[in-house]
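Structure first, commentary second.
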Amino acid sequence: LVRNNALHTVPQYAPWVRTMKRRGQQVLLLLLLACDQVLGVVWRGLRAQRLATRVAMRHEALLFARTRATQRHRAASGARLVENMKIVHKTAYWGQMSLGTPPQQFKVIFDTGSGNLIVPAADCTVPGCAPHRKYNSKSSSTSSFVTNEKGEGSSEITFGTGQVSGDFYKDKLCIGDSLCFDANFIAADKMTTEPFQEIPFDGIMGLGFKDLSMGDGFNIVDDLNTRANVPGNSHQFSFYVSDGDDSEVTFGGYRPERLASEIVWAPVKVESWWQVAIDDITFNNHPKNLCDGQCQVAVDTGTSMLAGPSELVDKLSSMVNAKDDCSNFDQLPNLGFQIGDTVLNLRPDDYMDKSASGCSFSLMALDVPPPKGPVFIFGDPFLRRFVTIYDRQKPAVGFAVAKHDGDETSASELIARVGGEKVERSAPKADEANPFAVNLHLDAGLMGGAAAGGDDDSSSSSDSNSNSKSGSGSGSGSSTGRTAGDDGAQVEAAADGAHQPTDAETFDASKPAAAAAAPPSEPGATAKDDDASIAAMRNMFKDDSSLLQKAQLQRNRLVSIRLVRDE
């Protein structure tokens with residue numbers, strides 16, 4: 001108005017115009033300050049709301065935990081321990097997924113023994129998070145902070161050898177290109193150095209039941225069953241793992257071409273882990289009356305070994321009676337697990353550790369208290385023999401002999417009738433496959449060392465057809481990670497008196513990793529060479545008053561051995 005009436009050009013109005021401009025500027029400044037105050041109040045309110053939420057406290061029962069070794073392992077010589085460090089099998093399998101809009105890529109282990117999706121957060125600066133990709137909620141247009149039905153907005157989770165803590169978020173989750181849905185998860189702002197600094201994947205996708213999750217809306221298996229847009233068998237997923245480069249997880253069913261037999265189904269008895277009942281344990285398909293119908297088995301894709309109740313493991317070890325020098329290896333029985341009138345068999349090379357220096361029984365002792373225990377843990381050695389299918393709707397676990405290139409083992413030997421009758425079981429036909437299933441390639445490697453599948457910029461491929469395949473599956477390194485654990489179970493060290501870190505010690509993220517892997521001896525090395533390796537191990541820890549070295553046994557069994565100077 002002033003400009004249009006040209007009042008600013010009239011001398012007598014010039015002071016008034018200048019005054020009005022100053023007052024306008026002052027009013028504008030006051031408005032800006034007021035807006036800033038309002039925004040500050042809103043931000044502080046949201047921050048206070050988040051801080052005021054309750055913290056969920058959980059214990060992940062099987063992940064990254066220690067077991068005690070059997071007496072046979074405790075008595076092993078130093079040369080044997082060094083020899084056993086040479087891993088021949090893969091001990092971890094992981095694949096690609098994304099969170100957010102635009103998508104942020106993560107490598108995760110798909111773990112049927114836990115129930116939460118956990119990835120590192122962008123504000124996690126501790127060593128446990130340092131090597132991994134991190135979730136940035138501010139970079140995602142679909143991210144939101146959430147609480148569960150108990151008003152909990154964050155969590156602290158204790159594992160067997162470490163802890164994580166973080167806030168709850170909701171965002172778009174994609175497995176492959178076509179399997180996408182909104183999911184609740186934990187963005188961890190603290191992860192202990194051990195074991196997370198050394199694991200080859202970024203996070204964990206728990207595929208256990210709701211009992212293991214943080215609350216309503218936090219269970220990925222339920223989300224797959226209700227939210228996932230996979231026509232057909234959205235309530236099923238399956239695992240096929242090997243020591244090659246063809247391991248995969250299938251969401252929406254299974255791939256019939258991976259199966260060498262028909263499927264044997266076992267109903268889930270406890271909806272927590274994928275836990276089924278077995279009627280007895282057999283030698284060459286003959287029951288040994290060890291279970292009295294009370295044995296339970298948890299099928300666990302995140303465990304790299306076989307474990308069971310200490311009393312039964314000791315009995316089995318004595319009954320198998322494997323000689324340390326492998327002299328009776330060819331006479332050892334098939335070790336079977338009876339489900340109804342059917343037996344699922346493991347061959348001696350599945351349940352024995354055989355190396356140049358000798359043989360030992362590979363089942364580890366693990367005592368899980370009721371109501372979940374006592375329980376056997378079926379990990380990678382079992383999973384390499386059998387394709388496992390997980391059906392949320394029934395609920396049940398299906399077992400079928402896995403078809404591996406170059407493996408001439410008869411399917412009728414691995415799945416038989418009680419009493420020894422071998423039945424030729426026909427595999428499912430190709431037309432039984434779900435054409436809409438999502439097949440995700442799994443990289444394979446060692447839990448705590450070098451991994452297959454490339455560097456951080458590599459990605460696993462997925463497809464909705466049975467021809468999806470990518471990546472590489474070979475690798476080697478030292479392993480620090482998961483064996484099996486307990487819900488407050490009695491987990492003992494392999495060496496009597498060996499120190500087990502407390503939660504407070506383990507959660508001190510400022511502490512360095514406990515130890516480096518000991519140098520393995522070269523193939524064909526003599527006992528004298530192994531003694532030199534042990535001397536090198538001792539020298540590495542000469543300044544450590546406890547002389548405690550974390551060594552790796554074959555099949556990634558994490559045990560603690562005491563290195564004695566004058567041994």
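The values are calculated or read from the model by the stated rules, or taken from the named source; none is laboratory data. Everything numeric in this text was worked out from a predicted model, so none of it was measured. As a convention, Cβ positions derive from the backbone with ideal geometry for all residues, glycine included, and neighbour counts pool all protein chains shown. Ligands, DNA and RNA are excluded from the accessible area calculation, which covers all protein heavy atoms including side chains. Shrake-Rupley method; radii C 1.70, N 1.55, O 1.52, S 1.80 Å.
Failed condition for Leu312, given (1) open to solvent by 20 Å² or more (accessible area, probe 1.4 Å); (2) in contact (Cβ under 8 Å) with a residue 12 or more places away in the chain; (3) more than 28 Å from the chain's Cα centre (by Cα), with all others met?
Only one criterion is unmet by Leu312, namely (3).
When you check Ser357 against the structure, is it modelled with pLDDT under 90 and either touching a Leu at 6+ places or on another chain (Cβ under 9 Å) or open to solvent by less than 30 Å² (accessible area, probe 1.4 Å) (or both), yes or no?
On the way: modelled with pLDDT under 90: yes; either touching a Leu at 6+ places or on another chain (Cβ under 9 Å) or open to solvent by less than 30 Å² (accessible area, probe 1.4 Å) (or both): no.
For Ser357, the condition - modelled with pLDDT under 90 and either touching a Leu at 6+ places or on another chain (Cβ under 9 Å) or open to solvent by less than 30 Å² (accessible area, probe 1.4 Å) (or both) - is not met.
Residue-wise test of (1) out of contact with any Lys or Arg (no Cβ under 8 Å at 6 or more places or on another chain); (2) under 23 Å from Pro103 (Cα atoms).
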{"site": "Ala122", "(1), (2)": "no, yes"}
{"site": "Val126", "(1), (2)": "no, no"}
{"site": "Ala130", "(1), (2)": "yes, yes"}
{"site": "Lys138", "(1), (2)": "yes, yes"}
{"site": "Gly153", "(1), (2)": "no, no"}
{"site": "Gln163", "(1), (2)": "no, no"}
{"site": "Asp167", "(1), (2)": "no, yes"}
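Name every residue in region 82-125 that is modelled with pLDDT under 95, surrounded by 19 or more Cβ atoms within 10 Å (Cβ to Cβ) and among the basic types (Lys, Arg), in order of residue number.
Correct list: Lys90 only.
For region 215-276, give me every one of the strands (runs of 3 or more DSSP E) that falls completely inside it and has 2 or more residues that are open to solvent by less than 10 Å² (accessible area, probe 1.4 Å). Steps first, answer last, please.
Values: elements: 236-240, 248-251, 264-271.
Counting at least 2 such residues, we get 236-240, 248-251.
So is Ala322 over 17 Å from Pro374 (Cβ atoms), touching a residue at least 12 places away in the same chain (Cβ under 8 Å) and open to solvent by 20 Å² or more (accessible area, probe 1.4 Å) or not? Step through it out loud before you land on a result.
Working: over 17 Å from Pro374 (Cβ atoms): yes; touching a residue at least 12 places away in the same chain (Cβ under 8 Å): yes; open to solvent by 20 Å² or more (accessible area, probe 1.4 Å): no.
For Ala322, the condition - over 17 Å from Pro374 (Cβ atoms), touching a residue at least 12 places away in the same chain (Cβ under 8 Å) and open to solvent by 20 Å² or more (accessible area, probe 1.4 Å) - is not met.
May I ask you to verify whether Lys150 is surrounded by fewer than 19 Cβ atoms within 10 Å (Cβ to Cβ) and either part of a loop (DSSP other than H, G, I, E, B) or of a type in the set (A, V, I, L, M, F, W, C) (or both)? First the steps, then the outcome.
Values: surrounded by fewer than 19 Cβ atoms within 10 Å (Cβ to Cβ): yes; either part of a loop (DSSP other than H, G, I, E, B) or of a type in the set (A, V, I, L, M, F, W, C) (or both): yes.
When the stated conditions are applied, Lys150 passes them.
So how many residues does region 172-189 have that are buried (at least 21 other Cβ atoms within 10 Å of the Cβ) and aromatic (Phe, Trp, Tyr)?
1
For region 327-354, give me each residue that is in a loop (DSSP other than H, G, I, E, B), over 15 Å from Glu413 (Cβ atoms) and touching a Ser or Thr at 6+ places or on another chain (Cβ under 9 Å).
The initial filter retains those residues of region 327-354 that are in a loop (DSSP other than H, G, I, E, B), namely 327-328, 332-334, 340-341, 347.
Adding the requirement that they be over 15 Å from Glu413 (Cβ atoms) leaves 327-328, 340-341.
Those that are in a loop (DSSP other than H, G, I, E, B), over 15 Å from Glu413 (Cβ atoms) and touching a Ser or Thr at 6+ places or on another chain (Cβ under 9 Å): none in region 327-354.
So Val230 passes all but one of these: (1) in contact with a Cys (Cβ under 6 Å, 6 or more places away or on another chain); (2) more than 30 Å from Lys150 (Cβ to Cβ). Which condition number does it fail?
(1)
Check region 190-207 and report whether any residue there is surrounded by fewer than 21 Cβ atoms within 10 Å (Cβ to Cβ) and either modelled with pLDDT of 95 or more or among the hydrophobic types (A, V, I, L, M, F, W, C) (or both).
The answer is yes; a qualifying residue exists.
Any residue in region 400-418 that's open to solvent by 30 Å² or more (accessible area, probe 1.4 Å): show its pairings with residues that are hydroxyl-bearing (Ser, Thr, Tyr) at Cβ separation under 6 Å, as long as the two are six or more apart or on different chains.
So the pair list comes out as His404/Ser242.
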